[in-house]
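To keep things clear, I will list the structure first and then write my remarks on it.
Every number in this text was worked out from the coordinates using simple rules, so none of it is lab data. Since the structure is predicted, the reported quantities are computational estimates derived from the model, not experimental observations. Note that we place each Cβ from the backbone using ideal geometry, even for glycine, and neighbour counts take in every protein chain shown.
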Protein chains: 2
Amino acid sequence: MSSFSFTVEAECSESWARAGTIHTPHGHIHTPIFMPVGTQATVKSVSPEELREAGAEIILANTYHLMLRPGSQLIADFGGLHSFMHWDGPILTDSGGFQVFSLGHLRKLSEEGVAFKSHLDGSAHLLTPESVMQIEFELGADIILPLDICAEFPCAYGDAKEAMERTHRWAERALAAREKYQSQQTLFGIVQGAFEPELRQQSARFIGNLPFPGLSIGGLSVGEPKEEMWNLLKYVTPELPRDKPRHLLGVGSPEDLVIGVGLGMDMFDCVLPTRVARHGGLFTRYGRINIKSARYRSERGAIEEGCDCYTCRNYSAAYVHHLARTEEQLYYRLGTIHNLRFMLRLVGQLRASIIAGTYSAFRDNFLAQYVPASELVREDQRQKWKAARLQ
Amino acid sequence: MSSFSFTVEAECSESWARAGTIHTPHGHIHTPIFMPVGTQATVKSVSPEELREAGAEIILANTYHLMLRPGSQLIADFGGLHSFMHWDGPILTDSGGFQVFSLGHLRKLSEEGVAFKSHLDGSAHLLTPESVMQIEFELGADIILPLDICAEFPCAYGDAKEAMERTHRWAERALAAREKYQSQQTLFGIVQGAFEPELRQQSARFIGNLPFPGLSIGGLSVGEPKEEMWNLLKYVTPELPRDKPRHLLGVGSPEDLVIGVGLGMDMFDCVLPTRVARHGGLFTRYGRINIKSARYRSERGAIEEGCDCYTCRNYSAAYVHHLARTEEQLYYRLGTIHNLRFMLRLVGQLRASIIAGTYSAFRDNFLAQYVPASELVREDQRQKWKAARLQ
């Protein structure tokens, strides 16, 4: 029934990196891939045509936001997300669980599911493994995720184990519920296990052995040090079946992609590239710059020399600086396009290096040049966004 | 030296409407024309390519905003506005005078010019007829305007006369100052005279007889009833030379264009179509709708059936409604594109009707169908924007 498949075309001999192709009802996805996030059925500030031009092959949309507004039933009435938002490429929807924990009010977790009140109007909702399958069926994405429990960082061992075991039971319930729907959607499994290597191994083995055609690794990049995340992946990847695509949920930055690919990850999604763009942070091969900085006031060159994005092909850094400083709406678009193109060019370069057998050298060169935003800066920004979100 | 010219191609036998073509160093402009406003060297939320696709043939930029940020000298260093903002079509810049009166602080008006403090940082500036020529030379627009004095509504006769006479003296000083600059820019004259028919006639005659290749009518649409504006134009137009294009500054709405054309106006500019779009007000042949209204929540059709804009060709009204309600940035773009296309299609239809000799019928049909936002609603919105601007 499903027209989903995954083929691995090349593997790195010095790492776990691989290049492949995912086939979906809405087209092919070349891996490794970065998925721009379109939370409310739109990738903030850019059009579907601009996403295509930037090289996007699949986007992610958030079930939590869409179930509340405009509602999954309305989107179903419009033929699903693809036709509602005018994007005819592949789409992945998450389960909504992560947002329930980070945005919802008065959450109540039970074996049945998670009850919460909407952050918009306080209305009461219940997500269960079964209702999430219904909602995601209505949204109509190509790849869908089951309800899971994302443990907080840090997390006591007992709590981590309990959350993982419930996630496993919910995975089985989702698979059973999935049977009811005649659709070409593909349900991925989600690996949890918090920050315990042993639980991560156990979860990878358990979820990897269920009949999921793809696997997402959840519960990472939630505040733990980057080193800890990479260390956990070293326990997870070897336990996963080689013939299924692996999705690292909610990750990441340019350097995260470069490193994550070497640890066997095929798919990445994160709001970071689009969100930092809106705050003035634009990627270059040497790291993130702040386009609002006075040094760009009269810069005749593009944001990054040689960049092939629409923004860099047509506008000076000085003009982008002017738009950013005056908070003009065109800025958000031009900045977002640049960062998305940077991420999508990067995954293309990673893929080419894997096929050419030069991934390790590419990674080492990239990391030697690229200075990441420090953990401190990152944490500072995270707190600011948290505060802004609560207003 | 100037490559500016204007030819009238058709005239209406029942009104003062005419169709013509303006030639500028950056291309032709078919009149009547609507000029989208790009205050800060960007028409809010749309790209130059989208302006072209919507049918824009010339845009307006604001000298006041640009002289303060990023500064006219910087724009000159970048080869002028065209290359700075990546728009290769004609551009018109106003003189900055209107904004000094509406936005600047601590204004001091004298025969020399107008001193004011920036609304951004309180820095002190002096605009004179001569300095405005220098600043507009640096900005490099195809059509430039001289410093003038826009009287308030209502206005005592003596004040109106004094402002007009000073505007006339400044017009002569601008013409003299203009001689200094070797450029292909064309300086239009500005007719003033507040709300006094006699002064308006006098100003039209005076300015019309000076060697300006085009004429702008200023000081209207500043709060007076619409009927009063149309009545004043009946005194102005007959006094103006037939062979020069006539620009009605700061006007207007769809119905204003339809009426203004019949009173002999060739060029219009106004923030209204783009501003109301951002607030949810979208134009249709029957009047302005509020896309945020619940009635569009599940509307499968386009904003306006048969509309050929990018938005209506690709998105349901329900999706645009969703984006507007969730305040997504893509909404501002989609709404703006729709309203701009509406205005630019409308001037195309007006032009075609003039050439076909059916302008009067077109006007009457349009006005019979189109229900304008009432004066009360308009005033209410004006107050809201004023309040928002002051924050």
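If you put a point 7 Å past Cα along the Cβ direction, how far is that point for A:SER5 from the same point in each other copy, in nm, smallest first?
6.6
Based on the Cα atoms of segment A:259-326, what semi-axes does the equivalent ellipsoid have, where each is the square root of 5 times one gyration tensor eigenvalue, given in whole Å with the largest first? Walk me through the intermediate numbers first.
On the way: eigenvalues 135, 36, 21 Å².
Semi-axis lengths for segment A:259-326 are 26, 13, 10 Å.
Which is farthest toward the positive dipole end of the protein assembly as shown among A:THR42, A:THR358, B:ALA115, measuring Cα position about the Cα centre, with Cβ charges +1 (Lys, Arg) and -1 (Asp, Glu)?
The residue sitting farthest along the positive end of the dipole is B:ALA115.
Less than 13 Å Cβ to Cβ from A:PHE366, Lys/Arg counted +1 and Asp/Glu -1: what total charge do the surrounding residues give?
0
How big is the convex hull of the Cα atoms of segment A:136-250, per residue, in Å³?
Each residue corresponds to 94 Å³ of Cα convex hull volume.
For B:ARG242, which inter-copy label distances result when the label point lies 7 Å beyond Cα on the Cα-to-Cβ vector, reported in nm to one decimal and in ascending order?
Those separations, rounded to one decimal, come out as 8.7 nm.
Relative contact order for chain B: what percent, with Cα pairs under 8 Å and sequence separation of 6 or more?
Normalised by residue count, the contact order of chain B is 17 percent.
Which value in Å is the Kirkwood Rh of segment A:68-210 over different Cα pairs?
15.9 Å is the Kirkwood radius here.
Taking a spot 7 Å from the Cα of B:SER360 along the direction of its beta carbon, which residues of segment B:1-37 have an amide N less than 15 Å from it?
B:11-18
State the answer as a single residue: which of B:VAL251, B:PRO241, B:PRO273 lies farthest towards the positive end of the charge dipole of segment B:234-293, with beta carbon charges of +1 for Lys and Arg and -1 for Asp and Glu, about the Cα centre.
Result: B:PRO273.
Rounding to the nearest 10 and keeping the result within 0 to 90°, find how far the Cα-based axis of helix B:375-390 lies from the longest principal axis of chain B.
70 degrees
Return the tail of the calculated pair distribution for segment A:1-48, meaning the percent of Cα-Cα pairs more than 13 Å apart.
Everything past 13 Å amounts to 68 percent.
In whole Å and largest first, what semi-axes does the C-alpha gyration tensor of the protein assembly as shown yield when each eigenvalue is scaled by 5 and square-rooted?
Equivalent ellipsoid of the protein assembly as shown: 57, 28, 22 Å, largest first.
For helix B:226-236, what angle does its Cα long axis make with the longest principal axis of chain B, in degrees from 0 to 90 and rounded to 10?
The angle comes out near 40 degrees.
Taking a label point 7 Å out from Cα toward Cβ, give me the nm distances from A:ARG69 to the same spot in the other copies, shortest first, one decimal.
2.8
For A:LEU367 and A:SER123, what does the FRET efficiency come to when R0 = 41 Å and r is the distance between their Cβ atoms, rounded to the nearest 0.05?
0.30
For segment A:50-91, what does the equivalent ellipsoid look like in terms of its semi-axes, each the square root of 5 times an eigenvalue of the Cα gyration tensor, given largest first in whole Å?
21, 11, 7
Dipole magnitude of chain B about its Cα centre, charges +1 at Lys/Arg Cβ and -1 at Asp/Glu Cβ only, in debye to the nearest 20?
My answer is approximately 960 debye.
Taking the convex hull of the Cα atoms, report for segment A:234-277 its projected area averaged over all directions, in nm².
3.1 nm²
Across peptide B:325-336, what mean number of C-beta atoms from other chains lies inside 10 Å of a residue's C-beta? Kindly include the intermediate steps, with their values, before the conclusion.
Working: counts 3, 8, 1, 8, 10, 13, 1, 3, 6, 2, 0, 1.
Mean partner shielding for this stretch: 5.
So how long is each side of chain B along the principal axes, counting just the alpha-carbon atoms, biggest first, in Å?
Rounded to whole Å, the extents work out to 59, 51, 42 Å.
Given points 7 Å out from each Cα along the Cα-Cβ axis, report the B:ALA176 to A:PHE153 separation in nanometres with one decimal.
7.2 nm
What is the projected area of the convex hull of the Cα atoms of segment B:289-351, averaged over all directions, in nm²?
Mean orientational projected area (segment B:289-351, Cα hull): 4.0 nm².
For the rotation that brings chain A onto chain B, whose beta-carbon in chain A is nearest the axis, and what is that distance in whole angstrom?
A:GLN329, 3
For B:GLU327 paired with B:ARG275, estimate the spin-label separation in nm (one decimal), with each label point 7 Å from Cα along the Cα-to-Cβ line.
Placing both labels 7 Å along Cα→Cβ, they lie 2.0 nm apart.
Average partner chain C-beta neighbours within 10 Å, per residue of A:39-46?
5
Count neighbours as other Cβ atoms within 10 Å of each site's Cβ, and list the trypsin sites (Lys or Arg not before Pro) in segment B:118-177 that are DSSP loop with at most 16 such neighbours.
none
Note down the nm distance, to one decimal, between modelled labels 7 Å out along Cα→Cβ at B:GLN73 and at B:THR7.
4.3 nm
Can you tell me how much longer the chain between B:GLN383 and B:HIS28 gets when fully stretched, taken as 0.36 nm per residue apart minus their C-alpha distance, in nm with one decimal? Each step should come with its number before you reach the end.
On the way: separation 355, 0.36 × 355 = 127.80 nm, distance 3.73 nm.
So the chain would gain 124.1 nm between B:GLN383 and B:HIS28.
How much FRET efficiency would the formula 1/(1 + (r/R0)^6) give for B:TYR286 and B:ASN231, where r is the Cβ-Cβ distance and R0 is 25 Å, rounded to 0.05?
E(calc), rounded to 0.05, equals 0.40.
Compare the Cα positions of B:ILE91, B:HIS125, B:LEU103 along the charge dipole of segment B:89-132 (+1 at Cβ of Lys, Arg; -1 at Cβ of Asp, Glu; about the Cα centre) and return the one farthest towards the positive end.
It is B:LEU103.
Alpha carbon centre of segment A:87-141 versus segment A:194-269: separation in Å?
22 Å
Using only the Cα atoms, work out Rg/Rh for segment B:27-127, with Rh taken as the Kirkwood radius, to two decimals.
Numbers: Rg = 15.0 Å, Rh = 14.7 Å.
Using Cα coordinates only, the ratio equals 1.02.
Taking the Cα atoms of segment B:231-368, what is the range of coordinates along each of the three principal axes, in descending order and whole Å?
Computed over segment B:231-368, the largest-to-smallest principal extents equal 51, 27, 22 Å.
Relative to the Cα centre, what is the charge dipole magnitude of the protein assembly as shown, using +1 at the beta carbon of each Lys and Arg, -1 at the beta carbon of each Asp and Glu, and rounding to the nearest 20 debye?
620 debye
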